[in-house]
Structure formats: C-alpha cells, structure tokens
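Each remark here refers to the structure printed beneath this line.
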Amino acid sequence: MSTGSLTPPSERQTGGRMPAPGQLALVQAFVNSRWDLDCGYRDRFGDSGALGRWLAEHQLLERRARLGPADLRRALSVREGLRELLFSNNGRPADAGVVAQLNTALRRASVSVRLGDAEGPEFVAVTGGLDGSLAVIAVIVAAAQLDGSWARLKACPGRDCGWVFYDRSRNGSSGWCSMSVCGQREKARAYRARRRK
C-alpha cells in the first residue's frame with residue numbers, strides 16, 4: 001500500500017464544510033470516525049472488525065486482513081493523538097501524554113520512499129496489516145505538516161465535540177466545526193455566565 005494509490009474520501013461534513021484537500025481528507029475521515037453522522041453518532045470503530053472494514057473501504061488494509069483488540073487499541077491511540085494535535089491547531093496546548101501515546105502506537109509503522117521522474121515521491125508501507133495502515137496515515141500527516149496544510153485542519157473546541165474540519169477561511173481563523181451549532185452554543189453559554197455574575 002502506498003500514498004500514490006489512495007483515493008481521497010468525500011465524506012459528509014458538519015456545517016456544510018468541504019472536506020480537507022487531497023489525501024489530508026483521509027486523515028480527517030480517520031479522526032472523525034469517532035462519530036457516524038448517519039447512525040446516531042456511534043463510534044465507527046466500535047470493535048476490531050469495524051476498524052478493519054473501515055480501513056479496507058479506504059484502501060488502507062486488505063479486505064481479508066483480520067485485526068484484534070490490541071490493533072483496535074493502537075488505532076484509537078493514533079486517532080485520539082491526532083485529534084489532540086488538531087486541538088492544538090485550534091489554539092489549545094496539546095497534552096504531551098496523549099501525543100506520547102500516539103508516537104508509541106506509531107513505532108512499528110514504517111515506510112520506504114519510491115522516487116520517479118514525473119511525479120513527486122511515493123511513500124510505500126514497509127509492512128502490511130495495521131502497521132502499514134498507520135504508516136500511510138502518518139506519512140500524510142507529516143507531508144501536510146511540511147506543506148503547511150496541516151495547520152488548517154482543526155478539531156472543534158465545542159463542548160463534547162472535537163469534530164475535525166478544514167479551515168478554508170482566508171486568514172485561517174475559523175474556530176468551530178459549525179458556527180450555527182457549536183459556535184452558537186458557546187456564545188449562549190458565555191452569555192448565560194455573564195448574566196449570572
């Protein structure tokens with residue numbers, strides 16, 4: 001599996017937003033797997049079988065591969081570690097412990113570089129299974145950090161939210177997944193708090 005073979009997903013977003021550009025949309029979908037917008041906001045990774053199906057549907061795992069409970073725990077550590085970094089993109093300091101768990105979960109994820117004359121480099125997972133899946137996700141994040149697009153992928157700070165959205169505003173100042181939902185709720189909370197004083 002390689003970054004060159006991936007087709008970016010086009011998944012439904014809150015607030016009428018567009019998904020992140022290119023392969024960064026895959027990272028966005030991975031982190032947003034915590035909620036299934038069409039099935040009562042259940043976690044799409046409810047068990048290792050659901051994780052395996054999701055990874056296979058997104059071209060990150062062979063359909064016949066089987067994952068176990070330890071794989072699920074590692075994938076969730078990566079997902080929540082990435083969300084922590086995305087909260088940091090929205091102004092909240094990252095929890096160093098959560099980021100350390102992310103990097104521990106990625107320890108066995110490795111890639112090789114394939115160079116060509118017409119296209120840019122292609123990153124190929126060295127191993128299969130979950131390690132290969134996580135390696136590809138990590139490469140996409142690293143490339144986005146280098147090209148600057150990572151800073152526009154943010155986690156919504158709304159209470160009980162954390163939905164990941166891509167900030168397409170001119171100055172990169174969007175703070176909410178949806179101003180009409182999380183933004184308005186937070187404004188209402190702040191207003192009530194001021195009135196109580």
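Data for the structure
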{"item": "Ser77 vs. criteria of a type in the set (Ser, Thr, Tyr) and either in a helix (DSSP H, G or I) or surrounded by 13 or more Cβ atoms within 10 Å (Cβ to Cβ) (or both)", "result": "yes"}
{"item": "Filtered residues of segment 10-30 (kept if surrounded by fewer than 16 Cβ atoms within 10 Å (Cβ to Cβ) and either at pLDDT 75 or above or in contact with a Leu (Cβ under 8 Å, 6 or more places away or on another chain) (or both))", "result": "Glu11, Arg12, Gly16, Met18, Pro21, Gly22"}
{"item": "Filter pass, Ala70 being modelled with pLDDT of 95 or more and of a type outside the set (Val, Ile, Thr)", "result": "yes"}
{"item": "Top-ranked residue of segment 80-109 - restricted to ones that are farther than 30 Å from Ser169 by Cα and crowded, with 16+ Cβ neighbours inside 10 Å, ranked as modelled with the lowest pLDDT", "result": "Ala109"}
{"item": "Residue match in segment 160-172 (condition: more than 12 Å from the chain's Cα centre (by Cα), assigned to a strand (DSSP E or B), free of Cβ contacts under 8 Å to residues at least 12 places away in the same chain and surrounded by fewer than 19 Cβ atoms within 10 Å (Cβ to Cβ))", "result": "no"}
{"item": "Some residue of segment 132-151 being in contact (Cβ under 8 Å) with a residue 24 or more places away in the chain, surrounded by 13 or more Cβ atoms within 10 Å (Cβ to Cβ) and assigned to a loop (DSSP other than H, G, I, E, B)", "result": "no"}
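The values are calculated or read from the model by the stated rules, or taken from the named source; none is laboratory data. Since the structure is predicted, the reported quantities are computational estimates derived from the model, not experimental observations. All Cβ positions, even for glycine, are placed from backbone atoms using ideal geometry, and neighbour counts span all protein chains on display.
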